[in-house]
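Reviewing the structure listed below.
Only the coordinates and a few stated rules stand behind these numbers; no lab work does. Quick caveat: nothing in here was measured; it's all calculated off a predicted structure. Cβ coordinates were reconstructed from backbone atoms using ideal geometry, including for glycine residues, and neighbour counts include every protein chain displayed.
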Amino acid sequence: ELNQNKDVLLKTHAGAELEFPRGGPLKLSLRAGANQGYPTGGATLDFKVFRLDLLAYGEEIGMTKREKGVYHYGLEFGFKF
C-alpha cells in the first residue's frame, strides 16, 4: 500500500507489547497500538495447558481518513499438547 495514492494516516500501523514473566501457572502479555488511526489492543493469558487470546482493533473501510471506521473483536482459545 505504500505506493498507492492514499492519506498517510491510512498507511500507519504501530504497536507495542508488554510481556510479563511467568508467575506460577500464568504468563500475561498486553498489547496496544494504532491501525490506520484507530486504536488496537489485545491480551494473552498463557496457562500451562491452554492459552486465551483477546483482541480488538479498528480499521478504515472508506477511501479517506475517518470516513467509515469498523471495529473488530476476537477471542481465541487453544489447548497445548
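At a glance:
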{"read-out": "Options G23, N3, F79, ranked by Cα towards positive dipole end of the chain, top entry (Cβ charges)", "value": "G23"}
{"read-out": "Kirkwood hydrodynamic radius of segment 4-71, Cα pairs, Å", "value": "13.6"}
{"read-out": "Förster radius 22 Å - calculated FRET efficiency between L28 and F81, Cβ distance, rounded to 0.05", "value": "0.50"}
{"read-out": "Whichever lysines have a C-alpha closer than 16 Å to that of K68, once near sequence neighbours (fewer than 8 apart) are set aside", "value": "K6, K11"}
{"read-out": "Stretch gain in nm, segment T12-L45, where the contour uses 0.36 nm per residue and the Cα spacing is subtracted", "value": "9.1 nm"}
{"read-out": "Mean Cβ count within 10 Å, highest first, over the residues of peptides 66-75, 38-47", "value": "38-47, 66-75"}
{"read-out": "The chain - charge dipole about Cα centre, Lys and Arg +1 at Cβ, Asp and Glu -1, debye rounded to 20", "value": "200"}
